[in-house]
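Here the structure comes first, spelled out in structure tokens, and everything after it is commentary.
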Amino acid sequence: MSRPPAIGSPHSRVEGRLKVTGKAPYAADHVIEGTVYGAIVDSTVGRGRITGIDTRAAQAHPGVLRVISHLNAPRLPYNPNPGYANSNNPPGDRLRAFQDDRVQFFGQPVAVVVATTLEAAQHGARLVDVRYDAEQPSTDLTSAPADDPMTYERGDAEAALQSAAVKLAMTYRTARNHHNPMEPHATIARWNGLRLTVWDKTQWVPGTQIELAAVFGLPAASVRVISPYVGGGFGSGLRCWPHVVVAAIAARELGRPVKVVLSRRQMYFGTGFRPAYEYGVRLGSDRSGRLTAMTHDVRAETSSYETFTEGIMGAGQMLYTTANVSQQYRTVPLDVNTPIWMRGPGWATTSFALESAIDELAHELNLDPLELRRRNEPANDQSSGLPFSTRRLRECYTVGAREFGWQRRNPKPRSTREGDWLIGTGMATGVYDTSRNNALAHVRLDADGTAVVQAATSDMGPGTYTSMTQVAADSLGLAMPDVDFRLGDSTMPRVPPHGGSQTMASVGSAVQDGALQVRQLAIQLAVADGRSPLYGVAPGNIVATDGRLHVTNNPRRGETYQRLLSRNNRTHLEALGSFERPAQDRFSLHAYSAVFAEVAVDRQLGLVRLRRMLGVYDAGRIINPKLADSQAIGGMVGGIGTALLEHTVTDHRDGRIVNANLADYLVPVNADITQLRAIYLDGHDAEADPIGVKGLGELVMIGVAAAVANAVFHATGRRIRELPITAEALL
Ligand code: MOS
């Protein structure tokens with residue numbers, strides 16, 4: 001009897017036991033002999049110059065070995081920016097740790113204290129006295145001047161708006177958000193001569209390798225990055241941050257391994273963040289709700305030294321049928337550290353504005369929000385002219401409405417009350433582009449009938465160890481325990497960033513390719529081997545299951561991999577699997593969702609309570625429904641956080657982040673979350689990639705905030721256009 005396929009089964013995480021027993025080494029957990037500790041001193045002004053650093057008290061503190069700053073740090077090559085494709089560094093001049101006296105944002109690393117213990121390093125860092133010539137930082141998105149816009153034009157949006165029967169103009173605002181993964185960012189750096197090894201928290205092992213090589217002027221092969229476990233990321237690990245370089249500088253200067261762990265406070269300016277936005281939308285439609293024009297006028301934070309942009313413009317161009325679209329996307333350089341992608345990057349922000357606006361139009365037209373969306377469902381992608389590979393959005397609406405009980409809804413706002421609680425429901429559409437990029441994976445089948453599969457990817461939480469094991473097991477015809485999937489080492493085959501929901505599509509397809517190649521090698525060995533029961537059988541008539549090759553219609557005619565390899569004196573069979581992104585896509589590739597929310601709002605206190613949420617996802621094939629649920633629930637919780645709680649607050653007087661801790665930066669806790677339910681319209685998307693996935697991890701965050709805001713409007717009759725939606729805004 002052959003076992004059911006691993007793909008599609010709700011397998012628990014293969015590394016789960018290691019994690020819950022504390023045996024999985026996260027970045028700071030690696031025990032490297034001779035390690036000393038670095039504590040970063042960060043600037044206490046938001047802009048200016050360092051005029052002096054008094055290190056005497058720190059140097060005198062017991063255990064302190066060295067204080068390193070721009071005054072005594074080596075001048076590093078900082079070779080030209082490897083650029084976005086190799087390092088995820090956005091255009092600009094990346095922050096150069098300890099290379100000069102400039103301060104470009106509040107919290108910038110200005111020194112590191114290295115000591116024999118963590119306590120001595122931390123205390124020493126407090127004793128360093130840095131003097132500044134401070135200037136007034138510019139940190140307010142609403143008042144600072146913007147760069148030239150990126151633009152998109154289709155038709156004549158201004159003229160179409162002029163003549164539209166129905167016109168709406170709104171401005172939405174979203175707060176800066178921080179990723180706040182449970183595991184802080186951490187690096188241990190060690191030099192052996194001119195070779196650098198870092199144990200690092202990263203979502204892109206090869207990207208960190210390339211950037212460190214560029215900073216120190218080394219060949220990439222001289223830098224090794226090891227990152228087997230990542231305790232959450234949400235995007236914060238998608239590039240190599242200054243503290244990684246600081247750890248490597250300190251290790252080189254001291255001649256010993258140095259460990260640097262960012263404090264929770266330092267996580268707010270030592271990595272990136274989801275930038276704050278001002279997002280203007282104008283809609284024009286006819287009386288029946290057919291969109292005739294749409295404009296998007298967007299301003300977003302970036303740093304003074306790098307221009308960070310993200311996928312803001314995609315949804316407005318392709319989600320709804322609209323002949324006339326005009327978009328302007330401006331970055332606003334501020335004296336802040338550079339932002340980075342955060343879950344559902346760009347698309348989540350656009351979806352709050354666009355899906356709130358569509359809800360406003362539905363209300364204006366007295367139309368059901370689902371019906372309005374159905375009337376604007378396009379036949380193809382109007383931005384590219386390409387057909388959709390798969391787009392099952394109508395099905396998302398139908399299934400969602402049925403399962404959520406949408407038809408029981410009284411469309412009139414503020415129509416449902418339970419005591420002091422105003423009850424409302426709302427929905428929003430989610431869309432995220434399916435990205436995938438070139439990836440490699442090495443597959444080796446050993447003579448004992450087990451396989452080792454390797455790729456330099458990460459697993460920040462989606463369950464990559466497990467899903468890749470599933471793919472390899474099915475392709476090789478092995479049981480999951482007989483497959484050992486390894487990741488997180490730059491000596492492994494190269495992969496794209498573990499982000500943008502592209503890992504399953506890219507690395508998963510490479511794993512499948514490598515495993516199928518190895519299976520084919522085994523079949524060729526068998527059919528040419530006079531001693532094999534499969535001798536002379538047509539290769540196409542042979543399948544692999546349960547660690548055996550056998551004739552398709554005759555399971556008894558066959559043999560195990562073990563017997564085949566040992567009889568042929570082969571220690572192993574191996575192959576390098578690959579996935580290559582097509583030069584040109586012939587289809588518009590996107591994953592879709594419909595998100596439904598029910599809220600209760602206390603009419604006296606303005607408190608918003610989420611009652612239930614349903615997401616219906618068209619994300620292609622689902623490799624593991626248990627992991628998918630974990631993604632979906634996490635994404636909904638993240639979206640609820642964005643909608644109701646999360647807000648990084650800056651004091652514009654000096655550029656300080658005033659709530660750089662988990663007590664004052666609010667995230668949803670268990671008490672905030674009730675019923676979250678996910679439904680997948682499981683289905684292979686053959687145009688997306690060989691394994692048929694469209695990406696799930698980003699999608700599940702998108703549309704959530706708008707669904708909540710639309711439910712708040714339905715509950716209260718109050719349209720809140722600024723996130724997070726606070727009690728104050730509802731009073
Ligand atoms: Mo995701 S924002 O690319 O980690």
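Please go through segment 666-688 and give me each residue that is in contact with a strand residue (DSSP E or B) (Cβ under 9 Å, 6 or more places away or on another chain) and under 20 Å from Ala727 (Cα atoms), ordered by number.
Selection gives Pro668, Asp672, Ile673, Thr674.
Filter segment 358-400 for residues that are within 28 Å of Ala165 (Cβ to Cβ), in a loop (DSSP other than H, G, I, E, B) and among the hydroxyl-bearing types (Ser, Thr, Tyr) and give the result.
Listed by number, the list holds a single entry, Ser383.
Sort out which residues of segment 1-52 are in a loop (DSSP other than H, G, I, E, B) and of a type in the set (Gly, Ala, Ser), and write them in order of number. Explain how you work it out, then say what you get.
Of the residues in segment 1-52, the ones in a loop (DSSP other than H, G, I, E, B) are 1-15, 21-26, 30-35, 43-47.
If the condition is that a residue be in a loop (DSSP other than H, G, I, E, B) and of a type in the set (Gly, Ala, Ser), then Ser2, Ala6, Gly8, Ser9, Ser12, Gly22, Ala24, Gly34, Ser43, Gly46 are the ones that fit.
Looking at Gly683, Gly703, which is the one that is more than 22 Å from Arg409 (Cα to Cα) and either within 24 Å of the chain's Cα centre (by Cα) or touching a residue at least 24 places away in the same chain (Cβ under 8 Å) (or both)?
Testing whether each residue is more than 22 Å from Arg409 (Cα to Cα) and either within 24 Å of the chain's Cα centre (by Cα) or touching a residue at least 24 places away in the same chain (Cβ under 8 Å) (or both) leaves just Gly683.
Limited to segment 470-517, what total is found for residues that are outside any helix (DSSP H, G or I) and either modelled with pLDDT under 95 or polar (S, T, N, Q) (or both)?
So the answer is 4.
Output the residues belonging to segment 397-448 that are within 28 Å of Ala544 (Cα to Cα) and open to solvent by 10 Å² or more (accessible area, probe 1.4 Å).
Asn438, Leu440, His442, Arg444, Asp446, Ala447, Asp448
Name the pairs: first residue in segment 550-578 and free of Cβ contacts under 8 Å to residues at least 60 places away in the same chain, second residue in a helix (DSSP H, G or I) and of a type in the set (Lys, Arg), Cβ to Cβ under 9 Å, at least 6 apart or on different chains?
Partner pairs satisfying both residue conditions: Glu559/Arg567.
Please determine, by comparing only the residues of segment 221-237 that are within 16 Å of Pro206 (Cα to Cα) and open to solvent by 10 Å² or more (accessible area, probe 1.4 Å), which one is nearest to the ligand (Cβ to nearest atom).
Per the criteria, the residue is Tyr229.
So for segment 334-342 (the condition being open to solvent by 10 Å² or more (accessible area, probe 1.4 Å), of a type outside the set (D, E, K, R), within 17 Å of Phe273 (Cα to Cα) and within 16 Å of the ligand (Cβ to nearest atom)), does at least one residue qualify?
Yes, segment 334-342 contains at least one residue that is open to solvent by 10 Å² or more (accessible area, probe 1.4 Å), of a type outside the set (D, E, K, R), within 17 Å of Phe273 (Cα to Cα) and within 16 Å of the ligand (Cβ to nearest atom).
Gly639: surrounded by 24 or more Cβ atoms within 10 Å (Cβ to Cβ) and in contact with a Pro (Cβ under 6 Å, 6 or more places away or on another chain), yes or no?
When the stated conditions are applied, Gly639 does not pass them.
Could you list all residues from segment 678-713 that are among the small types (Gly, Ala, Ser), away from the ligand (no atom under 16 Å from the Cβ) and open to solvent by 10 Å² or more (accessible area, probe 1.4 Å)?
If the condition is that a residue be among the small types (Gly, Ala, Ser), away from the ligand (no atom under 16 Å from the Cβ) and open to solvent by 10 Å² or more (accessible area, probe 1.4 Å), then Ala678, Gly683, Ala686 are the ones that fit.
Scanning segment 73-130 for residues that are of a type in the set (A, V, I, L, M, F, W, C) and in a helix (DSSP H, G or I), which turns out farthest from Lys259 (Cα to Cα)?
Among those that are of a type in the set (A, V, I, L, M, F, W, C) and in a helix (DSSP H, G or I), it is Ala85.
I need a count of the residues in segment 1-47 that are charged (D, E, K, R), open to solvent by less than 70 Å² (accessible area, probe 1.4 Å) and closer than 30 Å to Ile68 by Cα.
1
Among residues belonging to segment 651-697 that are among the basic types (Lys, Arg) and part of a loop (DSSP other than H, G, I, E, B), point out the one that is farthest from Thr503 (Cα to Cα).
Across segment 651-697, the extreme among qualifying residues is Arg653.
Considering every residue within segment 72-83, establish whether at least one is modelled with pLDDT of 95 or more, small (Gly, Ala, Ser) and farther than 20 Å from Ala248 by Cα.
no
When both residues are 6+ apart or on different chains and their Cβ atoms are under 7 Å apart, which pairs have a first residue that lies in segment 526-539 and is polar (S, T, N, Q), and a second that is outside any loop (DSSP other than H, G, I, E, B)?
Pairs found: Ser532/Ala526; Ser532/Glu559; Ser532/Leu564.
The values are calculated or read from the model by the stated rules, or taken from the named source; none is laboratory data. For clarity, every value in this text was computed on a predicted model and none was experimentally measured. Virtual Cβ from ideal backbone geometry, glycine too; neighbours counted across all protein chains shown. Surface areas here come from the heavy atoms of the whole protein model, side chains and all, with no ligands, DNA or RNA. Shrake-Rupley method; radii C 1.70, N 1.55, O 1.52, S 1.80 Å.
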